[in-house]
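Heads up, the thing below is written out as C-alpha cells.
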C-alpha cells in the first residue's frame with residue numbers, strides 16, 4: 001500500500017489529518033522539512049505528500065521544489081491556512097497537483113486522498 005507523508009509544523013493539523021486518513025492509508029507524520037526529505041529518501045512507497053505552505057524555516061513552496069526535482073513521480077498536495085489564489089497558482093505551477101485550505105472537512109480530505117492515490 002502506498003503511504004502518505006504529512007508535513008506540517010502544527011501538531012493539531014497533523015493529528016487531524018491522521019485521524020481522518022489512518023483507517024485508509026499508511027501515514028508518516030513529520031514536522032519539519034529535513035525529516036520529510038529523509039523519509040522520502042528512506043521510503044520508496046510514498047505516493048502522496050501533504051505539505052503545509054507556511055513552515056517556520058523553509059517555505060513549503062521551496063520544499064515542493066526539492067521534492068519535485070528529486071521525486072517527480074510523487075504527488076504533492078499543498079495545505080494552506082488562507083484562501084490565496086496566488087499561492088495556489090504558484091504551488092500548482094511548481095508541480096503540486098492540488099491544494100487544501102484550512103480549516104478542512106474530513107470528507108474533502110478523504111476525497112482528495114482517494115483521487116490522488118487512485119482509489
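The values are calculated or read from the model by the stated rules, or taken from the named source; none is laboratory data. Just so you know, these numbers come straight off a predicted model, no measurement behind them. Cβ placement follows ideal geometry from the backbone for every residue including glycine, while neighbour counts extend to all protein chains displayed.
A few notes on this one:
- Single match in 40, 51 (criterion: under 23 Å from residue 18 (Cβ atoms) and in a helix (DSSP H, G or I)): 40
- Filter result for residue 29 (buried (at least 18 other Cβ atoms within 10 Å of the Cβ) and either in a helix (DSSP H, G or I) or touching a residue at least 12 places away in the same chain (Cβ under 8 Å) (or both)): yes
- Among residues of the stretch 104-119 that are farther than 15 Å from residue 46 by Cα, those with a beta-carbon under 6 Å from a residue that is modelled with pLDDT of 95 or more at least six positions away or on a different chain give the pairs 106/20; 109/20.
- Any chance residue 74 is over 13 Å from the mean Cα position of the chain (by Cα), over 16 Å from residue 21 (Cα atoms) and surrounded by 17 or more Cβ atoms within 10 Å (Cβ to Cβ): no
- Against the criterion of being within 20 Å of residue 117 (Cβ to Cβ) and modelled with pLDDT under 95, residue 79 qualifies.
- Scope the stretch 1-26; condition farther than 22 Å from residue 58 by Cβ and part of a helix (DSSP H, G or I); matching residues: 15, 16, 18, 19, 20, 21
- In the stretch 69-105, the residues that are part of a helix (DSSP H, G or I) and out of contact with any strand residue (DSSP E or B) (no Cβ under 7 Å at 6 or more places or on another chain): 69, 70, 85, 86, 89, 90, 92, 93
- Any hit, the stretch 104-111, residues being surrounded by 20 or more Cβ atoms within 10 Å (Cβ to Cβ) and at pLDDT below 95: no
- Complete set of residues in the stretch 3-26 that are surrounded by fewer than 19 Cβ atoms within 10 Å (Cβ to Cβ), in contact with a strand residue (DSSP E or B) (Cβ under 6 Å, 6 or more places away or on another chain) and within 19 Å of residue 64 (Cα to Cα): 3
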